[in-house]
Every structure is written in structure tokens, then in C-alpha cells.
Amino acid sequence: MNQSFYGLLLWIFLVAPPVANFMESVMVIHMHMQMPMLVISGMLMARFFQKRFSGFFEKWNSNGVPGITLFVVIMIYWMLPRTMDEALTTPLVEGFKFISLPFLAGFSLRDSWKKLNPFGKNSIIVSFTVLFLGLGWLYIWSPVQLCNNYLVIQQVTLGWGFLTTAIGMVVYLGYNFFIDPSAYE
Amino acid sequence: MEADLKAGFKDKTNKMLGYHPEDAKLSKSYIAVAFMALLVGGFLGLIQGLNRAGLLELPTWFNYYQVLTAHGLLLILVLTAFFTIGYFYAALSHNLGGILPKVRRLAWTGFYVKLVGFVLAVIPILMNEASVMYTFYPPMAAHPVFYIGLALIVVGVWLCCIGAFIQVANWRKNHKGQHVPILSYFATGVFVLLFFALMFVAVEVLFMIIPWVFGWVDTINVMVARTLFWAFGHTLVNIWYLTAVSAWYVVVPKIIGGKRWSDLLTRVVVIALVIMNITGGFHHQIIDPGINAVVKFMHVFMSLAIGFPSLMTAFALFAVFERTARRKGGKGLIGWWKKMPWGDVRFLAPFIAMLSFIPAGAGGIAQSTNQLDQVVHNTMWIVGHFHLTLGMSVVMTFFGISYWLVPFISNRVLTPQINRLGVIQTWIWTVGMIFMAGAMHYVGLLGSPRRTSYTTYGDHATALGWDPYLMCLAVGGTLLIIGVILQVYAVFNLMFFAPKGETEFPIAEEEDNATKTPYITERWGIWIVVMIIVVAMAYVIPLTEFIVNAPPGSPPFKTW
């Protein structure tokens with residue numbers, strides 16, 4: 001019983017139709033709970049493959065940059081309103097969501113994060129903070145419905161979800177900036 | 001010369017015991033206020049119980065709802081807040097080599113700001129201008145001064161939180177790589193929770209209630225206000241609980257002569273309670289309208305999640321009891337129970353408190369379930385549950401703490417007489433609570449409503465059927481006031497009259513073969529970010545809904 005197994009269990013749970021249907025029925029749960037949990041399931045499963053194919057990860061992701069780039073590409077793809085809509089209407093796209101988030105984004109995040117230097121880590125968090133603020137602004141003040149499958153109120157809720165998550169990340173960045181762990185550890 | 005030597009010797013013993021006279025004075029003031037509040041609040045509770053049983057007619061100038069509000073304010077806000085802060089500041093002082101002068105100044109400022117706020121809040125209650133029962137619960141509206149007073153209490157508590165953060169950060173800077181001592185770790189968790197929970201109520205009071213009661217705006221969004229209130233209110237309940245738990249984990253094992261159970265588990269429990277607490281606020285609104293079923297369903301999980309660390313606590317504590325008793329020669333499946341120090345009030349009171357948390361916690365789980373809560377929600381059951389959790393699990397632990405904390409900060413000792421008095425007090429309190437909270441639970445199931453003074457509803461048969469239980473409630477209340485008097489007597493005796501001497505601050509050590517706790521538990525920055533994100537998960541959906549699809553706002557109501 002190791003973390004990869006738990007990751008697999010989590011992934012199976014998330015893919016199970018009743019769970020998937022429920023999570024996709026609320027926009028903010030779809031985007032801010034299901035998708036991150038898929039990434040987390042991938043991060044847990046990654047350990048198994050890291051051990052089994054260490055050469056592969058060493059060869060293609062030695063400094064973490066290719067991996068984190070893949071992670072960013074996948075994440076940004078899933079932040080387009082259009083893609084989330086399609087995941088609900090086209091089974092193929094939904095399938096791609098269940099594959100890409102854990103096995104492309106989750107794997108590469110797990111393998112890359114420790115390899116990045118502090119500047120790289122902070123840059124990633126800063127970019128996502130800016131992106132989240134922008135998306136929050138877009139979803140809250142957009143004059144039109146951006147996803148056909150969700151009501152405007154759900155869109156606004158998602159916008160606030162983005163903003164509060166961004167606030168969480170700003171707090172973290174501030175903590176990192178002001179607090180020098182070496183003074184304590 | 002001799003005086004100098006004597007003084008030097010005294011300083012040295014103080015240092016050995018981790019006793020700092022100036023910090024002790026601070027804690028003593030906080031604890032004294034807490035127990036004075038207990039005395040007054042206790043009498044108000046008695047009056048209320050007697051009225052509720054139909055034994056006492058209250059005059060029109062001092063009615064049931066006034067008494068209820070004052071009883072709640074004194075015991076919920078003053079007793080618990082002052083005790084918690086006094087206790088944890090004593091722990092910070094003892095653990096971290098004395099409170100920094102600037103932190104002490106902050107805590108004293110907080111003390112006076114809170115007292116002023118409290119006086120401001122009481123005046124409108126006495127004038128029957130603030131019989132709102134729930135302190136910040138629109139659409140009931142009190143006199144503006146009441147809210148200004150409460151806002152000052154909030155500011156005072158914030159000052160104490162900031163003081164504690166400065167104290168802990170300073171210690172960590174000077175003790176690189178070390179874990180914050182466990183009781184100070186609990187203090188950190190409690191102050192983090194207090195700091196963030198108070199933000200919700202500050203937003204509610206400053207931006208919603210004050211403009212509304214002054215008449216600057218006509219209406220208030222009731223759903224938003226109540227949600228903000230409970231995000232604070234529920235967390236506050238768990239802050240008291242976490243304070244009690246700190247004594248269970250750290251102090252009780254020492255008193256029974258045992259070792260502390262896993263340091264890592266203890267710290268994980270603190271972190272888990274900090275992260276998951278604020279989200280629990282929603283289950284208080286489980287039968288409020290305007291929240292859709294999906295959100296309520298989600299919140300069942302969020303509420304029950306808090307039960308998990310409690311179960312870990314139960315496991316850890318009973319493991320400590322059994323290990324310790326067996327080490328002392330206890331045998332058999334239950335025979336080891338005989339080895340526990342039943343005659344020591346410092347153990348007995350927190351132990352009964354822990355036991356009472358079993359039915360109290362089970363009742364809480366029942367109430368966080370939609371269908372079950374439908375049955376009991378607006379009945380005396382809830383009052384019973386509250387008295388079982390706060391009045392028994394938490395307050396009895398506080399009583400148990402007072403038997404060593406008060407002598408410690410007063411440089412006196414616990415005498416056998418006061419210990420015996422404490423044991424008697426514990427049993428009186430236990431029986432009183434069983435009668436009172438038990439009757440409340442049962443009569444609640446029969447439908448007797450809460451927040452209502454005595455009525456027979458025109459001699460309706462059902463309402464008359466409640467009377468025997470209400471009488472039980474009055475009997476319990478009477479026993480409890482005896483308990484209050486004994487307890488307050490014991491505390492002030494230990495504070496001013498008990499024989500001088502040194503008392504130890506009981507902190508259990510870790511097990512010999514304890515595994516090393518990972519340093520990640522000290523990364524409060526990360527846990528706070530996780531907490532913010534979890535809080536966002538809980539509150540973004542409903543709050544957006546309440547604001548965007550707002551119901552018609554409500555004008556202020558005065559129902560009394």
C-alpha cells in the first residue's frame with residue numbers, strides 16, 4: 001500500500017460516473033476541486049513511474065523545465081472556458097481531461113517541482129497568481145455567459161473562487177518573501 | 001545582605017520553575033475576570049433555569065431574554081476568552097522564557113480594551129435595549145452601543161493574538177531548528193484560529209450591522225450576516241475545545257505520572273483543527289432557507305471532517321491512560337482503571353470532561369445531519385448539547401486546569417482541603433450537568449422550544465408534558481450554582497489565601513522511544529494558506545449565491 005496505489009484509487013474514484021457527474025454539475029467544483037484532485041492523483045501515482053523509469057525522467061526532464069512547461073501548457077489549456085464546456089459535451093474531450101490532468105500535468109509537476117530552483121518556483125506561483133486574478137476578473141465581471149453549460153451565477157462563483165485562491169497564493173508569496181526560513185530552521 | 005541572598009534565591013527558584021512574576025500577574029488578572037464572570041453568569045443561568053421550569057416569575061424590568069443574553073455574553077465571551085488567553089499566556093511565559101515586554105503591553109492593552117468593550121455591551125443589556133440572545137444575529141437588532149462594545153472585545157482579542165505571534169516568532173528566531181514547545185504550539189493554533197475567525201465577525205459588524213443599526217442603510221442581507229457570524233461562532237466553540245484538548249494531551253498525562261503520546265499526532269491534530277474549523281460554521285445554518293441541497297450536502301463532509309481529529313484525540317488519550325496504569329501495575333482488561341488517581345481533582349475534572357465529550361460529540365454529529373437536525377433544531381436539545389460540550393467538556397477542563405494554574409501563577413500550593421473541595425465540586429457539577437443537559441436533550445426531543453421563557457401554551461397537554469423534565473432542569477441548575485460557588489471559592493482561595501509555596505507547571509514529557517517530529521509541522525505559513533483555500537472552498541459558493549441572488553434585505557427588528 002503505497003502512495004501510488006492511493007493515487008490510483010483517487011483517480012478511479014474521480015472517474016467513476018456518479019462522482020464525475022456530481023463534480024461537473026457545479027462549475028466551481030468542476031474547475032477547483034475535480035481538476036486539482038485529478039492533478040493530485042497523478043502526483044501520487046507518479047512515484048511508481050519515477051522509480052520504474054528513472055532514466056526516462058532523468059533524460060527528458062533533468063532540470064525540471066520541460067516538465068513544468070508541459071504542466072503549464074496543460075493547465076492553461078483547461079482554463080479556457082471553451083475546453084471546460086467541451087469536456088461536458090464531447091466524451092472524447094472529457095476522456096482527455098481524465099488522462100491529461102493526472103498523467104501529463106500531475107506527473108510532470110511531481111517530477112519537476114523539486115528540480116526547480118527557488119526563482120523558478122516563485123515564477124510559476126507568481127504567474128499562476130496573475131493568471132488567477134485575471135480569470136477571476138474575467139468570470140466575475142464578464143457581461144456574457146462564457147460556458148454554455150453553466151449559469152451566469154456559477155460563472156461569478158467561479159470568479160470568486162479564482163480570486164480567493166489567488167489571495168491564498170499572494171499570502172504564501174508574502175510569507176516566502178518576508179519570512180526567511182533559515183532564521184528559524 | 002541576607003535580603004539580597006533571599007531575593008537571589010527566589011529569582012533562581014522562579015527561573016527553575018519558569019515563573020515570571022509580571023507575566024503571572026497578567027494571567028492572574030485574566031483568570032480572575034474569567035471566574036468573576038462565571039459567578040455572575042452562573043447566577044443568571046440559575047434564574048433562567050428556574051424561570052424556565054415555571055418556578056420563578058421574573059419582573060418586567062429584568063426579563064428572561066435579558067437574563068439569557070447576559071448569561072450567554074458572560075459565559076460564552078468573557079469566561080472562555082479570558083480563561084483561554086490567561087492560560088495560554090501563562091503557557092507562553094513558562095515555555096518560552098517569559099513574555100517580551102512589548103507583548104505584555106499588548107496583552108494588557110487588550111485586557112483593558114476588552115473590559116471597556118464589555119461594559120459598553122452590558123449597559124444596553126441592562127436597559128433592555130439588547131436582548132438579542134445571539135450576539136450578532138440579524139434581523140434582530142440591538143442598540144448600536146452593544147455592537148460597538150462587542151467590536152472592542154474583538155479588537156482586544158486581536159491584540160492578544162498579535163502579541164502571541166510576536167512572542168512565538170521571537171522564540172523561534174532564538175531557537176533555530178527547534179520545535180515550539182507543545183503547549184505554546186497549541187497556543188499558536190488557538191491564536192491563529194481566533195485571529196482569522198474574528199475577521200468574519202469584524203466584517204459583519206463593521207460593514208453590515210453598524211451601518212444598519214445606526215440607520216445609514218435601510219436593510220441588511222440576513223443570509224450573508226448569519227453566515228459570517230457562524231464562520232466565527234463555530235470556530236469560537238472549537239477554540240474552547242482546542243484549549244481544553246491542549247490540557248488533555250499535555251497536562252493530564254503528567255498528572256497521572258505518564259508520558260505524552262506521539263508528539264507528531266498531537267501537532268497534526270492541532271493543524272487539522274486549524275485548517276478545517278472555520279468551514280464547519282455552515283452546519284449551524286443547516287435548516288436555514290436559501291441554501292441549496294448540494295451546498296448543505298457538501299457541508300456535511302466539511303463538518304464531519306472535524307470529528308476526525310477528535311477521534312484521534314480519544315484514541316491517543318485512552319492509550320496514555322492504559323499505558324500509564326499498566327506501568328503502575330494495573331492488570332486485566334479493565335482492572336487498570338483502579339490505578340488512576342481518582343482522588344486528584346487535577347485529573348478527575350478533565351477526565352470526566354473527556355468522558356462527557358463522547359455523548360456531546362455524538363450529539364454534534366447527529367445535528368450536522370440534515371434530517372436529524374430537522375427534529376431537534378429549534379428545541380431545547382440544542383441547548384442541552386451546548387451545555388454538554390461547553391459546560392461540561394470545556395469548562396470542567398478549565399476547572400481542572402485552575403487547580404494547578406492558579407497556584408502556579410499565585411506562587412501558592414494546592415492544599416489537600418481544596419483538592420477535596422475540588423473533587424466534591426467536580427461530582428456536584430457532573431450530577432448537575434447530567435440532570436440539566438440530560439433533561440434539556442430529552443425535553444427537546446419532545447418538542448420543547450429553545451430561546452423561550454416559561455409558557456404552557458394555554459395549558460396545552462403537550463406543553464404540560466414537558467414540565468417534569470423542566471423541573472429536572474431546574475434541579476440540575478441548582479446543583480450547578482452550588483458548583484459555581486465552590487469553584488469560584490476554590491479559585492480565589494488558591495489565588496489569595498492558600499499557603500505560599502511553589503507549584504509546578506505540569507507538562508508531560510515525550511515517550512522515551514518517540515520518533516522525531518518532522519519540521520513541516522512548524523510551517524504555519526503553509527497551513528494558513530491551506531486554511532484560506534479550504535475556507536474559500538466552503539464559503540465562495542454560498543456567499544456568492546447570497547450576494548448575487550440576494551433575498552430582500554431586512555430592516556432591524558426588536559422582538560422583545
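The values are calculated or read from the model by the stated rules, or taken from the named source; none is laboratory data. This one's a predicted model, so the numbers in the text were calculated from it and none came from an experiment. Note that we place each Cβ from the backbone using ideal geometry, even for glycine, and neighbour counts take in every protein chain shown. To get the accessible areas, we keep the full protein, side chains included, count just its heavy atoms, and leave off ligands, DNA and RNA. Shrake-Rupley method; radii C 1.70, N 1.55, O 1.52, S 1.80 Å.
Identify, by number, the condition in (1) crowded, with 16+ Cβ neighbours inside 10 Å; (2) of a type outside the set (D, E); (3) over 21 Å from the mean Cα position of the chain (by Cα) that B:G384 doesn't meet.
In the conditions (1) crowded, with 16+ Cβ neighbours inside 10 Å; (2) of a type outside the set (D, E); (3) over 21 Å from the mean Cα position of the chain (by Cα), B:G384 misses (3) alone.
Would you pick out the residues in region B:522-556 that are more than 12 Å from chain A (Cβ to nearest Cβ) and among the β-branched types (V, I, T)?
Across region B:522-556, there are no qualifying residues.
Specify the residue that is most open to solvent (accessible area, probe 1.4 Å); the eligible residues are those in region B:463-499 that are in a loop (DSSP other than H, G, I, E, B) and in contact (Cβ under 8 Å) with a residue 40 or more places away in the chain.
Out of the qualifying residues, it is B:P499.
Condition first: touching a helix residue (DSSP H, G or I) at 6+ places or on another chain (Cβ under 7 Å), more than 9 Å from chain B (Cβ to nearest Cβ) and open to solvent by 30 Å² or more (accessible area, probe 1.4 Å). Now tell me which residues in region A:159-185 satisfy that.
Residues satisfying the conditions are A:V170, A:L173.
Which of (1) of a type outside the set (A, V, I, L, M, F, W, C); (2) facing another protein chain (nearest Cβ under 9 Å); (3) surrounded by 20 or more Cβ atoms within 10 Å (Cβ to Cβ) is the odd one out, the single condition A:G136 does not satisfy?
Evaluating A:G136 over (1) of a type outside the set (A, V, I, L, M, F, W, C); (2) facing another protein chain (nearest Cβ under 9 Å); (3) surrounded by 20 or more Cβ atoms within 10 Å (Cβ to Cβ) leaves (2) as the failure.
Filter region A:24-58 for residues that are within 14 Å of chain B (Cβ to nearest Cβ) and more than 20 Å from A:I74 (Cα to Cα); which is least open to solvent (accessible area, probe 1.4 Å)?
Here the answer is A:V26.
I'd like the full set of residues that are in contact (Cβ under 8 Å) with a residue 40 or more places away in the chain and part of a loop (DSSP other than H, G, I, E, B), limited to region B:500-514.
Selection gives B:G501, B:E502, B:T503, B:E504, B:F505, B:P506, B:I507, B:A508, B:E509, B:E511, B:D512, B:A514.
What about B:G458, is it farther than 30 Å from A:I167 by Cβ, more than 14 Å from every other protein chain (Cβ to nearest Cβ) and touching a residue at least 40 places away in the same chain (Cβ under 8 Å)?
no
Could you tell me whether B:I220 is at negative phi, touching a helix residue (DSSP H, G or I) at 6+ places or on another chain (Cβ under 6 Å) and modelled with pLDDT of 95 or more?
For B:I220, the condition - at negative phi, touching a helix residue (DSSP H, G or I) at 6+ places or on another chain (Cβ under 6 Å) and modelled with pLDDT of 95 or more - is met.
List the helices (runs of 4 or more DSSP H) inside region A:1-112, counting only whole elements, that have at least 3 residues being within 30 Å of A:L146 (Cα to Cα) and modelled with pLDDT of 90 or more.
A:3-15, A:17-25, A:35-52, A:65-79, A:81-89, A:91-99
Could you please let me know if A:L151 is within 13 Å of chain B (Cβ to nearest Cβ) and either open to solvent by 70 Å² or more (accessible area, probe 1.4 Å) or within 21 Å of A:I68 (Cα to Cα) (or both)?
Spelling it out, A:L151 is indeed within 13 Å of chain B (Cβ to nearest Cβ) and either open to solvent by 70 Å² or more (accessible area, probe 1.4 Å) or within 21 Å of A:I68 (Cα to Cα) (or both).
In the list B:T517, B:T559, which residue meets the criterion of being within 14 Å of chain A (Cβ to nearest Cβ), assigned to a loop (DSSP other than H, G, I, E, B) and in contact (Cβ under 8 Å) with a residue 12 or more places away in the chain?
The unique qualifying residue is B:T517.
Which numbered condition trips up A:V156, out of (1) at the interface with another protein chain (Cβ under 9 Å from one of its Cβ atoms); (2) buried (at least 20 other Cβ atoms within 10 Å of the Cβ); (3) touching a residue at least 24 places away in the same chain (Cβ under 8 Å)?
Condition not satisfied by A:V156: (3).
I want to confirm something. Restricting to region B:160-173 and keeping residues that are more than 10 Å from every other protein chain (Cβ to nearest Cβ) and open to solvent by 40 Å² or more (accessible area, probe 1.4 Å), which single residue is farthest from B:F118 (Cα to Cα)?
Among them, the one singled out is B:N170.
Looking at this structure, is B:G86 part of a loop (DSSP other than H, G, I, E, B) and not basic (K, R)?
Considered against the rule, which asks whether it is part of a loop (DSSP other than H, G, I, E, B) and not basic (K, R), B:G86 comes out as no.
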